[in-house]
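> Have a look at the structure that comes next, please.
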Amino acid sequence: MPKTKKPQFFAVPHIRFEGPKSENHLAFRHYDPSEMIDGKSLRDHLRFSIAYWHSFRGVGGDPFGPGTIVRPWESGKDALSVAKRRMDAAFEFFVKIEAPFWCFHDRDIAPEGATLAESNRNLDAVVAHAKALQKETGVRLLWGTANLFSNPRYMCGAATNPDSHVFAYAAAQVKKAMEVTHELGGEGYTFWGGREGYETLLNTNLKREQDHLARFLHMAVDHAKRIGFKGQFYIEPKPKEPTKHQYDFDVASGIAFLRTYGLEKHLKFNIETNHATLAGHSFQHEIEVAAAQGMLGSIDANAGDPLLGWDTDQFNTDVKEITLAMVTILRAGGLGKGGLNFDAKLRRPSVDPEDLFYAHIGGMDTYALAFKIARRILADGKLDQFLADRYASYDSGIGKQIEKGQVGFRELEKLVLTKLGEPKLRSGRQEYLENLFNSYLTGR
C-alpha cells in the first residue's frame, strides 16, 4: 500500500508487524497483512475498515459531558476546507495503520448546509477529494451510509416518520449518499435505523411505520439498479438507544421483517457486537442466526461494557469472544463483500493522537489472533465432530424421515408406543467443550 504524500498529522511511523514477542506497542504482534493463508493474504481475509465517524469525528463526549479531544487538523473557519484537511489526516492514518478500507456517513465527511442542495454541493466537493486520496493510497471504501438520526428533522424517525415530508427528505438524502458511495467504488451500503422506532404507542401507528420502512428500502433497491450500483445492501440491528422500541431489534426480528416485505434477497446483516449484547444476545449468537439463513454480511467490530447499559462502542480485545465469532464466520465461508469495520471510539480520557493507533492495533491484533485460533479449531475437527455425533440420529432412520417431512405425529406416536419407548438421556458435555475450547486459546 503506497504512502500518502500529504502533510503529516501523526508523529507515528508506519505500523509494522514485529511478531508476538515484540515489546513495541506501535507494532502488530499478530496481524501481518501480507501473511498468506490458504492462498489469500491476511489483509484480504480480515478486510479491516476504519469508521470515519468515531475516529475522525469523535471528540470524546458522552451523555454526561462535552468532548475532551481536540485535533490539530480541525482548525480553520471554513468548514469545507476543514473537512478536506480532516480527510487528509484520515487517509494518513488509514495508510499508517494498514487498513485497506474505510466507512462513512454522509454528514461525517462533509458539512450539512442550510439546504439539501448546499449539503449536496459540500458532499460532492469532499467526495472528489476522497476519490483522489483513494487513488493515491489504494485505500478503498467498504460501505457508505446516510446519517438519518442527528438532525432534529429526524427526531421521530426518517423512513418511519409520521410526516411524509420528512420521509421525502430522507429519501433524497439516501439517494445522494448511495450515488457518492457508488462513485467512490463502495462495496456496500448500510441502513442503520437509529430512530426508526417509537417511544409510545399512544402516538404511533406501528403497522404504517413498518410498511413505510419497507417501502423506503424497496425504493433504495430500485435506485441501486437505476444507477448500476452492485454493492451489497446491509441492515444493522440495534435494540434500543436512542429509541425505546426500535423496529430492527436484532437479527431474528430483522429476518422476519425482510421476509415479510419481500426484501430478503436484497439485504444482509451488518452485525455489531455492542448491539448484540444490548439485545440480550452474544455476538456469536447474532452471527450464527444470520449465517444460518445465508444473510451474514459484515461486522461492526466493537464491544460494550457489561456494567453499563448503553452503547459504549469500545475496541474489542476479548480473544475468547472474537474466536467464538470467528468460528461461525469461517464456517459460513467468510464475509464476502463485507469486512471488519472498527465502529469503536477512544475512551473519554484518551485524548492523544497516538491513542488512535494503540486502539486500532489492539483491535486488529485481537481479530488476527482469533482468526488463527478459529482456523486451528476447525482444522482439528473435534468440535465439529462432537456436533456431528450429537445430531447423528437425524442422519438415518426415523430422524432422516423427520427432516425430509416423510412422517407426521401419528407415525411418530406409533413408533414411540410400539418400538422406541422412553428416550435415554445423553450428556451435552458443556463443561468438557468449554475446557476444550479454552485449550485452543492457551495453545495447549
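The values are calculated or read from the model by the stated rules, or taken from the named source; none is laboratory data. Since the model is a prediction, treat every value here as computed from it, not as a measurement. Cβ placement follows ideal geometry from the backbone for every residue including glycine, while neighbour counts extend to all protein chains displayed. What goes into the accessible areas is simple: the full protein's heavy atoms, side chains included, and nothing from ligands, DNA or RNA. Shrake-Rupley method; radii C 1.70, N 1.55, O 1.52, S 1.80 Å.
> If I ask for residues that are over 18 Å from Pro242 (Cα atoms), open to solvent by less than 30 Å² (accessible area, probe 1.4 Å) and touching an Asp or Glu at 6+ places or on another chain (Cβ under 8 Å), which ones from the range 269-299 would you list?
Phe269, Asn270, Phe283, Glu286, Met295, Ile299
> Follow-up question, since we're still on this one. Report yes if Ala168 is modelled with pLDDT of 95 or more, open to solvent by 10 Å² or more (accessible area, probe 1.4 Å) and not acidic (Asp, Glu), otherwise no.
On the way: modelled with pLDDT of 95 or more: yes; open to solvent by 10 Å² or more (accessible area, probe 1.4 Å): yes; not acidic (Asp, Glu): yes.
Spelling it out, Ala168 is indeed modelled with pLDDT of 95 or more, open to solvent by 10 Å² or more (accessible area, probe 1.4 Å) and not acidic (Asp, Glu).
> From the list Val95, Val174, Val127, Val139, which one is of a type in the set (A, V, I, L, M), open to solvent by less than 10 Å² (accessible area, probe 1.4 Å) and in contact with an Asp or Glu (Cβ under 7 Å, 6 or more places away or on another chain)? Reasoning before the result, please.
Details: Val95 fails: in contact with an Asp or Glu (Cβ under 7 Å, 6 or more places away or on another chain); Val174 fails: in contact with an Asp or Glu (Cβ under 7 Å, 6 or more places away or on another chain); Val139 fails: in contact with an Asp or Glu (Cβ under 7 Å, 6 or more places away or on another chain).
Only one candidate qualifies: Val127.
> Please state which of the following conditions Pro100 fails to meet, knowing it meets all the rest: (1) open to solvent by 10 Å² or more (accessible area, probe 1.4 Å); (2) touching a strand residue (DSSP E or B) at 6+ places or on another chain (Cβ under 7 Å).
(1)
> While we're on this one: So Arg348 ticks every box in (1) modelled with pLDDT under 95; (2) in contact with a helix residue (DSSP H, G or I) (Cβ under 7 Å, 6 or more places away or on another chain); (3) within 23 Å of Phe94 (Cα to Cα) but one. Which box is left unticked?
(2)
> Regarding Lys400, is this residue assigned to a helix (DSSP H, G or I), over 25 Å from Ile37 (Cβ atoms) and basic (Lys, Arg)?
Against the criterion (assigned to a helix (DSSP H, G or I), over 25 Å from Ile37 (Cβ atoms) and basic (Lys, Arg)), Lys400 qualifies.
> Might you check whether a residue that is closer than 22 Å to Leu441 by Cα, open to solvent by 30 Å² or more (accessible area, probe 1.4 Å), of a type outside the set (A, V, I, L, M, F, W, C) and out of contact with any Phe, Trp or Tyr (no Cβ under 6 Å at 6 or more places or on another chain) occurs anywhere in the range 322-332?
Yes: the range 322-332 contains one or more residues that are closer than 22 Å to Leu441 by Cα, open to solvent by 30 Å² or more (accessible area, probe 1.4 Å), of a type outside the set (A, V, I, L, M, F, W, C) and out of contact with any Phe, Trp or Tyr (no Cβ under 6 Å at 6 or more places or on another chain).
> Something else: Tell me which residues, restricted to the range 187-200, are part of a strand (DSSP E or B) and open to solvent by 30 Å² or more (accessible area, probe 1.4 Å).
Tyr198
> I've got another one for you. Which residue pairs have Cβ atoms closer than 7 Å, lie 6 or more positions apart in sequence or on different chains, and pair a first residue in the range 49-78 that is surrounded by 19 or more Cβ atoms within 10 Å (Cβ to Cβ) with a second residue that is among the polar types (S, T, N, Q)?
Ser49/Asn341; Ala51/Asn341
> So in the range 240-268, with the set limited to residues that are over 14 Å from Met295 (Cα atoms) and among the basic types (Lys, Arg), which one is least open to solvent (accessible area, probe 1.4 Å)?
The selected residue is Lys240.
> Return only the number of the condition from (1) open to solvent by 10 Å² or more (accessible area, probe 1.4 Å); (2) within 22 Å of His275 (Cβ to Cβ); (3) assigned to a loop (DSSP other than H, G, I, E, B) that Val351 does not satisfy.
(2)
> Given the criterion closer than 30 Å to Arg375 by Cβ, touching a residue at least 60 places away in the same chain (Cβ under 8 Å) and either surrounded by fewer than 13 Cβ atoms within 10 Å (Cβ to Cβ) or not basic (Lys, Arg) (or both), identify the matching residue among Tyr394, Tyr440.
Tyr440
> Another one. Mind checking which residues of the range 103-124 are open to solvent by 30 Å² or more (accessible area, probe 1.4 Å) and over 17 Å from Leu141 (Cα atoms)? Steps first, answer last, please.
Let us first name the residues in the range 103-124 that are open to solvent by 30 Å² or more (accessible area, probe 1.4 Å), namely 107, 111-112, 114-118, 120-121, 124.
Once the filter is applied, which keeps residues that are open to solvent by 30 Å² or more (accessible area, probe 1.4 Å) and over 17 Å from Leu141 (Cα atoms), the range 103-124 yields Pro111, Glu112, Ala114, Thr115, Leu116, Ala117, Glu118, Asn120, Arg121.
> Return a yes/no flag: does the range 230-248 have any residue that is of a type in the set (D, E, K, R), under 23 Å from Ala177 (Cα atoms) and over 15 Å from the mean Cα position of the chain (by Cα). Outline the logic, then answer.
Initially, the range 230-248 is screened for residues of a type in the set (D, E, K, R), giving 230, 236, 238, 240-241, 244, 248.
Then drop every residue that is not under 23 Å from Ala177 (Cα atoms), which leaves 230, 236, 238, 248.
Pick out the ones that are also over 15 Å from the mean Cα position of the chain (by Cα) and you get 230.
So far as the range 230-248 goes, yes, one or more of its residues are of a type in the set (D, E, K, R), under 23 Å from Ala177 (Cα atoms) and over 15 Å from the mean Cα position of the chain (by Cα).
> Let me ask you something else. Restricting to the range 1-34, and then to whatever is closer than 16 Å to Ala99 by Cβ and in contact with a His (Cβ under 9 Å, 6 or more places away or on another chain), can you tell me which residue is modelled with the lowest pLDDT?
Of everything passing the filter in the range 1-34, Lys3 is modelled with the lowest pLDDT.
> Also, I was wondering about something else. When the residues of the range 5-48 are filtered to those that are of a type in the set (Gly, Ala, Ser) and open to solvent by 60 Å² or more (accessible area, probe 1.4 Å), which remaining residue is farthest from Gly188 (Cα to Cα)?
Ala11
> Here's something else I'd like to know. Within the bounds of the range 153-161, is there any residue that is closer than 22 Å to Leu123 by Cα and open to solvent by 10 Å² or more (accessible area, probe 1.4 Å)?
Yes - at least one qualifying residue is present in the range 153-161.
> If Phe167 satisfies every condition in (1) farther than 21 Å from Glu92 by Cβ; (2) in a helix (DSSP H, G or I); (3) touching a strand residue (DSSP E or B) at 6+ places or on another chain (Cβ under 9 Å) but one, which is the exception?
Failed condition: (3).
> Of Leu369, Leu383, Leu378, Leu415, which residue is in a helix (DSSP H, G or I), at pLDDT 95 or above and over 28 Å from Leu330 (Cα atoms)?
Checking each option against the conditions leaves just Leu415.
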